[in-house]
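Novice: Got a structure here, written out as structure tokens. Questions coming.
The values are calculated or read from the model by the stated rules, or taken from the named source; none is laboratory data. These numbers come from a predicted model, not from an experiment. FYI the Cβ positions are ideal-geometry reconstructions off the backbone, even for glycines, and counts take in every protein chain you see.
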Amino acid sequence: MEAIFNPFVFDTVVAAMAAMAVIVFLALHRVEAAYGMTYSSKWGPAVNNRTGWVVMEAPAFACMLLLWAASPRATEVPQAVMGGLFLAHYFQRTFIFPFLMRGKSRMPLAIVAMGMLFNSVNAYMIGGWLFHISPQGYYPPSWIISPQFIFGTALFLTGMAVNIHSDHVIRNLRKPGDSRHYIPKKGMYRFVTAGNYFGEFMEWTGFAILTWSLPGAVFALWTFANLAPRARSLHKRYSDEFGEEFTALHRKYIIPFIY
């Protein structure tokens with residue numbers, strides 16, 4: 001365990017993740033991540049979306065639990081609350097969201113494998129910081145009433161609500177048996193093409209603030225780097241398919257009124 005949480009190793013992983021976020025952001029402007037509306041069989045063997053999401057998201061939940069259980073700080077209140085917020089997100093994404101899915105969409109195994117790797121490293125980065133690496137006393141009991149924690153938690157929970165509601169809007173665009181595409185027009189979709197992505201970006205921006213940590217900031221950066229190019233791809237798909245009916249809405253990609 002000491003080798004895994006050697007400060008040099010940990011800092012190297014965090015720095016590498018930050019650098020990779022920039023590379024991924026640039027790469028995804030040239031290559032579409034082939035799942036959901038942008039699915040492509042060119043990415044090779046695939047599984048159904050439900051299986052793909054469960055397998056892809058579960059490592060983050062499991063790794064955080066293991067890091068929490070192995071920590072001498074496991075019962076410290078600020079870390080427990082922050083770890084609980086992380087787990088709440090991944091519980092919903094692993095054990096609830098996939099089982100609400102409709103249709104027969106598929107996800108390439110390559111995407112599943114990359115998601116598993118990212119989620120495992122991210123859980124190591126966040127869980128490692130909270131329960132093993134952060135300086136002793138960095139999160140005193142009073143942290144849960146600090147301005148950073150209160151504001152960040154409010155942002156995190158609001159983002160989670162936006163994300164869940166946006167997924168609900170998308171799921172209910174079609175009636176059973178219908179395979180056509182429709183333009184979502186409720187909730188955050190009144191302002192951006194990817195309301196669900198905006199919600200997720202809000203969540204992890206809030207998490208970066210409530211933890212007041214570099215690993216949290218790197219995760220928020222990664223979230224934007226991964227989802228912003230995909231939001232642009234979805235925007236183009238809607239524009240190509242619906243033409244002026246969609247472009248006349250003047251939506252941004254992922255951040256209302258900005259981008």
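Novice: Quickly run through segment 231-247 and pick out the residues that are in a helix (DSSP H, G or I), small (Gly, Ala, Ser) and surrounded by fewer than 17 Cβ atoms within 10 Å (Cβ to Cβ).
Specialist: Ser239
Novice: Let me ask you something else. Out of (1) surrounded by 15 or more Cβ atoms within 10 Å (Cβ to Cβ); (2) more than 17 Å from the chain's Cα centre (by Cα), the odd one out for Pro140 is which?
Specialist: Only one criterion in (1) surrounded by 15 or more Cβ atoms within 10 Å (Cβ to Cβ); (2) more than 17 Å from the chain's Cα centre (by Cα) is unmet by Pro140, namely (1).
Novice: Next question, about the same structure. Report, by residue number, each residue of segment 166-195 that is of a type outside the set (Ser, Thr, Tyr), closer than 15 Å to Tyr259 by Cα and either out of contact with any Lys or Arg (no Cβ under 7 Å at 6 or more places or on another chain) or crowded, with 19+ Cβ neighbours inside 10 Å (or both).
Specialist: Met188, Arg190, Val192, Ala194, Gly195
Novice: Here is a follow-up. Return the only residue of Pro184, Pro135, Pro176 being part of a loop (DSSP other than H, G, I, E, B) and under 30 Å from Pro7 (Cα atoms).
Specialist: Pro135
Novice: So for segment 146-162 (the condition being in a strand (DSSP E or B), of a type outside the set (Ser, Thr, Tyr) and touching a helix residue (DSSP H, G or I) at 6+ places or on another chain (Cβ under 7 Å)), does at least one residue qualify?
Specialist: No, segment 146-162 has no match at all.
Novice: Among the helices (runs of 4 or more DSSP H) lying completely within segment 1-111, list those that include at least 2 residues that are over 30 Å from Pro140 (Cα atoms) and polar (S, T, N, Q).
Specialist: 49-69
Novice: Next up: Select from segment 1-53 the residues that are at pLDDT below 85 and more than 30 Å from Pro184 (Cα to Cα) and list them in ascending order.
Specialist: Of everything in segment 1-53, those that are at pLDDT below 85 and more than 30 Å from Pro184 (Cα to Cα) turn out to be Met1, Glu2, Ala3, Ile4, Phe5.
Novice: A further question on this structure: Would you please name the residue that is modelled with the highest pLDDT, looking only at residues in segment 70-107 that are among the basic types (Lys, Arg) and closer than 30 Å to Arg180 by Cβ?
Specialist: Arg93
Novice: Is it the case that Ala113 is loosely packed, with under 14 Cβ neighbours inside 10 Å, over 19 Å from Phe201 (Cβ atoms) and touching a Phe, Trp or Tyr at 6+ places or on another chain (Cβ under 8 Å)?
Specialist: No, not satisfied.
Novice: Please go through segment 67-81 and give me each residue that is touching a Gly at 6+ places or on another chain (Cβ under 9 Å) and in contact (Cβ under 8 Å) with a residue 60 or more places away in the chain, ordered by number.
Specialist: Within segment 67-81, Leu67, Trp68, Ser71 qualify.
Novice: Still on this structure, I have one more. Between residues in segment 232-259 that are touching a residue at least 12 places away in the same chain (Cβ under 8 Å) and closer than 13 Å to Pro184 by Cα and residues that are among the aliphatic types (A, V, I, L, M) and in a loop (DSSP other than H, G, I, E, B), which pairs lie under 8 Å by C-beta distance while being six or more apart or on different chains?
Specialist: Filtered contacts from segment 232-259: Leu234/Ala194; His235/Ala194; Tyr238/Ile183; Phe242/Ile183; Glu245/Ile183; Phe246/Ile183; Leu249/Ile183.
Novice: Among the numbered conditions (1) surrounded by fewer than 21 Cβ atoms within 10 Å (Cβ to Cβ); (2) of a type outside the set (Phe, Trp, Tyr); (3) within 21 Å of the chain's Cα centre (by Cα); (4) within 23 Å of Val13 (Cβ to Cβ), tell me where Ser105 comes up short.
Specialist: All conditions pass for Ser105, except number (4).
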